[in-house]
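Throughout, read-outs are computed from the coordinates displayed, never taken from laboratory work. This one's a predicted model, so the numbers in the text were calculated from it and none came from an experiment. Don't worry about glycine lacking a Cβ; one is built from the backbone with ideal geometry, like all the others, and counts go over all protein chains shown.
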Amino acid sequence: MQTWAIALIIIGVVILLVAILVALHFIRNSLQRKKGVLAKRLVGGRLSRFAKIRSFQVLENLTLPSGKNDTVTIDRALITFNHVIVFQIRDECDTIYGDAKDPTWVSIKTDKNNDTLGRVAFGNPVRDAQRANDAVRRLLTRNKLGKIQTEYYVVFGDPQVTLSIGQGMPVLNYKDFKRLLGRSKYSEDGPVDVKAVANLLREGK
């Protein structure tokens, strides 16, 4: 076989391998995005069902003022007769590493031998959730509703996620999230006008 023919074969094989690697990359990213969407739907659906049978309200994708010339987005806010609970829902998968003081956290995917297959960094979600809760508190206080209790949580919605994080942080996997909603204090009667607070949060003023 002539040299030029061999060279063409080699080039063709290289191009094919590159195409396969690119396709695998896009497939993996597509699956990750799909898992992320499903995670948010899973948490959001659970909150909606919880709220519906108790005459509570769940608001999603709220934007509230957060300091001077800044805003914060809240994934979900659950309004009960006693509380406003802020939920920031994360769609990262695999094993999550982070601590309260870390500016960034990481999601690491490993194989059966514990070799790293992928690593994704993202901003500390607890700080974002705290900013969201602070924005809610300022809004309630400004409207003379400061006695309403507020809480905030970060929920990693993928049921297969593993959390390797510092102790005592308001960070939940899906199982812990379901257990949280089972607390009796969230179903008790109280003085909060659910519809009025919901309208106030929607308006953001």
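Numbers for the structure displayed
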| read-out | value |
| --- | --- |
| Most to least packed among 58-70, 178-190, 90-102 [average Cβ atoms within 10 Å] | 90-102, 58-70, 178-190 |
| Rounded to whole Hz, the Karplus (6.51, -1.76, 1.60) HN-Hα couplings of the range 57-73, x for glycine and proline | 10, 10, 10, 10, 6, 7, 10, 10, x, 9, x, 6, 6, 9, 9, 9, 9 |
| Gain upon complete extension [Lys195, Arg127; 0.36 nm per residue less C-alpha separation] | 21.7 nm |
| Distance (nanometres) between label positions extended 7 Å along Cα→Cβ at Ser48 and Arg142 | 3.0 |
| Equivalent-ellipsoid semi-axes of the range 3-203, from the Cα gyration tensor, Å, largest first | 43, 17, 16 |
| Potential lengthening between Thr71 and Lys185 on full extension [0.36 nm per residue; Cα-Cα distance subtracted] | 38.0 nm |
| For Tyr152, net neighbour charge (Lys/Arg +1, Asp/Glu -1) across residues whose Cβ lies under 14 Å away | +2 |
| Neighbourhood net charge (10 Å Cβ-Cβ; Lys/Arg +1, Asp/Glu -1) for Val72 | -2 |
| Which listed pairs, of Lys109/Lys178; Lys52/Lys178; Lys147/Lys178, have C-alpha distances above 22 Å, in listed order | Lys109/Lys178; Lys147/Lys178 |
| Mean Cα-pair separation over length for the range 3-203, i.e. relative contact order, pairs under 8 Å, 6 or more apart, % | 23 |
| Proximal charge balance of Ile108 [Cβ under 9 Å; K/R count +1, D/E count -1] | +1 |
